[in-house]
Amino acid sequence: MSDTVPTHLAHWGAFSPIVRDGADGVDGHADVTAVRPSTSDTAPSPLLGNLVGSLRHPLRIDRPYVRAGWLERGRGPDRRRGEDAFVSMSWDDVLDVLADELRGVYDTAGPDAVFGGSYGWSSAGRFHHAQSQVHRFLNTLGGYVRSVNTYSVGTSEVLLPHILGGGVEVLGALTSWQVLAEHTELMVCVGGLPAKNTAVAPGGVSRHRVSEHLRSMADRGVEFVIVGPDRADIPEELSARWLPVRPGTDTAFLLALAYVLVTERRYDAAFVRTHCTGFDRVVPYLTGKADGIAKNPAWAAALCGIDVAAITELARAMSTRRTMLTVTYALQRAEFGEQPVWAAVLVATLLGQIGLPGGGFGHGYGSMADNGLPAQTWSLPTLPQGTNPVTTAIPVARIADMLLNPGREYDYDGRRHRYPDIELIYWCGGNPFHHHQQLTKLREAWRRVNTIVVHEPYWTATARHADIVLPATVTLERDDIGASRADAVLTAMRRCADPYAEAWDDYAIFAELAARLGVAEAYTEDRTAEQWLRHLYEDWRQRTGNPDLPDFGAFWAAGSVTLPEPQPSVLFADFRRDPMAHPLRTPSGRIELYSATIASFDYEDCPGHPAWLAPAEWHGSPRAEWFPLVLLANNPATRLHSQLDFGPYSQASKVAGREPIRMHPADAASRGIVDGDLVRVYNDRGACLAGAVLDDDLLPGVVQLSTGAWFTPVPGTDPVLCTAGSVNVLTRDTGSSRLSQGCSGSRVLVEVARWSGPVPPAPS
Ligand SMILES: Nc1nc2c(c(=O)[nH]1)N[C@H]1C(S)=C(S)[C@@H](COP(=O)(O)OP(=O)(O)OC[C@H]3O[C@@H](n4cnc5c(=O)[nH]c(N)nc54)[C@H](O)[C@@H]3O)O[C@H]1N2
Ligand SMILES: Nc1nc2c(c(=O)[nH]1)N[C@H]1C(S)=C(S)[C@@H](COP(=O)(O)OP(=O)(O)OC[C@H]3O[C@@H](n4cnc5c(=O)[nH]c(N)nc54)[C@H](O)[C@@H]3O)O[C@H]1N2
Ligand SMILES: [Mo]
């Protein structure tokens, strides 16, 4: 069957679903029975398989629910939240109840008591984008406390503006893969180039192109080096050399590279003179003049486990060849996460190749499908969110601290801030009981507020921890416009099934609430969802200034619009050519190897230049005596975060009915664990069950368990035992530093043991 125009878009690909009514679906309703990837996608993602059976899955929320304790005793902190029963309610009644609740909170406590950060990826689609909808809605009521930055790159978003003059702007403008394929000779990948992660891009990806670019690099003989604890983090076809660094020690490794470049005079002195500041502050630290410790390869080898010769030779090789040095996002999603990123900028600056085609610094190649694709200049059709008069915001990963410590002061990017006192949380399109660290702490914090409202299509742990649960539709049940930065394509996402049971679109829910609260017009502007699509499209068409674009009717009939592909680009090319005419937006206009601004904050956990700081969660920590294995808590290969974990592709990866934990055969043997065993993974914060998979791609002493298994605590367990394998019962909820307060969930110390207790049922 021909399928040149796919009829739908997910964050992980363009596709046409096959939806069947009747016997194929649960209860005789329609469901997805197969998914045909877009024929123009030469490397479609197997994640599409998770959509099969997703419309009528037993985990769909069928109708509105209110938590029994909230109904009986009214609003207020409640320890039962998360363990209580739910009572179903009609839409009319639940909307009345919720409208009253919102009116009460806004009238008495004001918008500063409403947390609407609502972080989460929700689904593709520009109009029904859940976060945009909830933000627009809360703004019509008077605003809300927001969150800033992301779980993805929260540390770099704060660091990079200080040292490179831009955060997301820099990350979105990486030198294009095409340029690397033409010019790069050596690509050093700290954290690898995990193929699994290039399946997705926020908003969707209609063609997966990274593997094709990597193939042309390999064909041209580019040499790849992976610096990381897991050899599987780089595609085998690239025949990469593996330098198995211990997790959390990359900064030491990178500083030693810098040491070799400086002491062997292999650095680009001219570039350093004209394009950076702070060289004279960093050199005494590298040589040890500043603190008595030379950051030489012998020093680094003892920390990171890579031998002296390998470090020295790599530094030399990098200085003689066109070298791209890249670090994955995961490196900064950790305590002191600024340091490996800043140290990589240091090394790339010393090499003097920043701004040259194929050389320099990268951050996030292999972390996302769109990183390294030419930067799009077009703006996307976007639902206006109105204005938020509330100025209070928290760094996104500080949510539990905020809820536990109203009024307490904390540091962030050079300023003291104060946590607000939150009474009501409104979440739509995210799953904090998946994405946040140390879930028992989050649960404790979550129980302190008065009211929690969640819109969800599925009974996620977040929905189960809410007071008012409203069933939302999924994208296949509504029309939308699909578009993302990654693509030069706009896709007509077509509704192909009726909403499940009593599920409503987020937009319809907010519109009805707005009507009850007297702000219907401000929220809807008197448009139906269909009229909004038309409006957003036409508004976008006008903004592009491109007279050749079809009108909405023609776009919808054709199924897509394709724009010209942008030209490949080189990060910092203009700055390199003429740093006076094209200065960076840093205080000095140059790359800041030393930042006087950061130094002036006087944070012991983020000094004025990159430095080795020993984190709490690594093999050299005193905690390692109790919990000797370093667990990599990375993003999953078989789904997007927690989404559709019940889907067939994700379920096929489960072992003993739980999330698989990969471990080195030697670590398994010394614990009496064999392949396929049910194991308990634990530390002092919590425990989870997982299924053992033995794999010598991992460095001994390192285990790997992806995020996204649904938090399923066994009632009454303390510390909590999650039967599904949610890694965030183990991770530590602490800011990456006082500078950025980013998420630090990418790594944690644990112990693993065979599970010999009674086997709790696998989650269903
Ligand atoms: N330890 C550790 N923790 C991590 C990470 C890690 O590497 N390690 N990774 C972090 C990162 S990078 C990220 S980005 C976060 C991701 O965290 P999230 O973005 O919160 O995770 P998702 O599972 O994508 O959650 C999206 C939710 O939105 C719901 N949804 C989908 N469509 C709709 C819709 O139309 N309407 C409504 N109302 N809901 C919808 C889905 O059912 C799902 O429950 O996790 C972070 N957490
Ligand atoms: N299939 C799939 N793709 C995804 C996602 C998903 O959920 N599923 N999520 C998307 C999102 S929102 C984001 S932000 C990106 C995340 O992109 P990343 O943060 O880059 O992805 P991770 O898989 O968390 O980590 C990448 C690798 O870094 C390695 N690593 C961890 N700690 C260390 C360390 O201390 N040193 C070294 N050298 N290596 C280390 C891990 O082995 C890991 O596999 O992925 C995106 N892509
Ligand atoms: Mo992310």
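Tabulated values for the structure
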{"read-out": "Under 5 Å, built H, 5+ apart or other chain: amide partners of Arg241", "value": "Phe224, Val225, Ile226"}
{"read-out": "Debye, to nearest 20: dipole size of the chain, +1 on Lys, Arg Cβ, -1 on Asp, Glu Cβ", "value": "1400 debye"}
{"read-out": "Pairs of Cα atoms farther than 17 Å apart, the range 11-98, %", "value": "65 percent"}
{"read-out": "Hull shadow area, averaged, the chain [alpha-carbon convex hull, nm²]", "value": "31.5 nm²"}
{"read-out": "For the chain, Cys with no neighbouring Cys Cβ under 4.7 Å", "value": "Cys189, Cys276, Cys304, Cys428, Cys496, Cys606, Cys743"}
{"read-out": "Under 5 Å, built H, 5+ apart or other chain: amide partners of Leu584", "value": "Arg590"}
{"read-out": "Kirkwood hydrodynamic radius over Cα pairs of the range 424-520, then Stokes diffusion coefficient at 37 °C and 0.692 mPa s, in µm²/s", "value": "213 µm²/s"}
{"read-out": "Fully extended contour minus Cα-Cα distance, from Val168 to Ala522, at 0.36 nm per residue", "value": "124.3 nm"}
{"read-out": "Sequence-distant residues sharing a close amide H with Glu456 (under 5 Å, placed H)", "value": "Leu470, Ala472"}
{"read-out": "Positive-end residue of Ser595, Tyr412, Gly117, charge dipole of the chain with Cβ unit charges", "value": "Ser595"}
{"read-out": "Listed residue (Leu331, Leu51, Ile509) projecting farthest to the positive dipole end of the chain, Cβ model", "value": "Leu331"}
{"read-out": "Phi-based couplings in Hz for the range 555-565 (Karplus 6.51, -1.76, 1.60; Gly and Pro marked x)", "value": "4, 5, 5, 6, x, 6, 10, 10, 9, x, 5"}
{"read-out": "Percent of beta bridges antiparallel (DSSP, the chain, rounded to nearest 5)", "value": "50 percent"}
{"read-out": "Cα shape, the range 341-410, gyration tensor, a/c 1.5 rule", "value": "oblate"}
{"read-out": "Residue-by-residue Karplus 3J(HN,Hα) for the range 447-455, coefficients 6.51, -1.76, 1.60, Hz, glycine and proline x", "value": "6, 8, 8, 7, 8, 10, 10, 9, 9"}
{"read-out": "Integer Hz, Karplus 6.51/-1.76/1.60 couplings in order for the range 56-66, x for Gly and Pro", "value": "10, 4, x, 7, 4, 8, 8, 8, x, 9, 10"}
{"read-out": "Rounded to 10°, Cα long-axis angle of helix 338-351 versus longest principal axis of the chain", "value": "40 degrees"}
{"read-out": "Debye, to nearest 20: dipole size of the range 544-592, +1 on Lys, Arg Cβ, -1 on Asp, Glu Cβ", "value": "320 debye"}
{"read-out": "Helix 210-219 vs. the chain, principal-axis angle (Cα, 0 to 90°, nearest 10)", "value": "20 degrees"}
{"read-out": "Cβ-defined net charge surrounding Ala724, 10 Å radius [Lys, Arg +1; Asp, Glu -1]", "value": "0"}
{"read-out": "Average Cα contact separation per residue, the range 312-372, under 8 Å, 6 or more apart, as relative contact order %", "value": "40 percent"}
{"read-out": "Point-charge dipole on Cβ atoms (K/R +1, D/E -1) for the range 622-754, about Cα centre, debye to 20", "value": "280 debye"}
{"read-out": "Shape category assigned to the range 289-382 from the gyration tensor of Cα positions, a/c cut at 1.5", "value": "prolate"}
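No lab work stands behind these numbers, since they all come straight from the coordinates. Every value quoted in this text rests on a predicted model; they were computed, and no experiment measured them. All Cβ positions, even for glycine, are placed from backbone atoms using ideal geometry, and neighbour counts span all protein chains on display.
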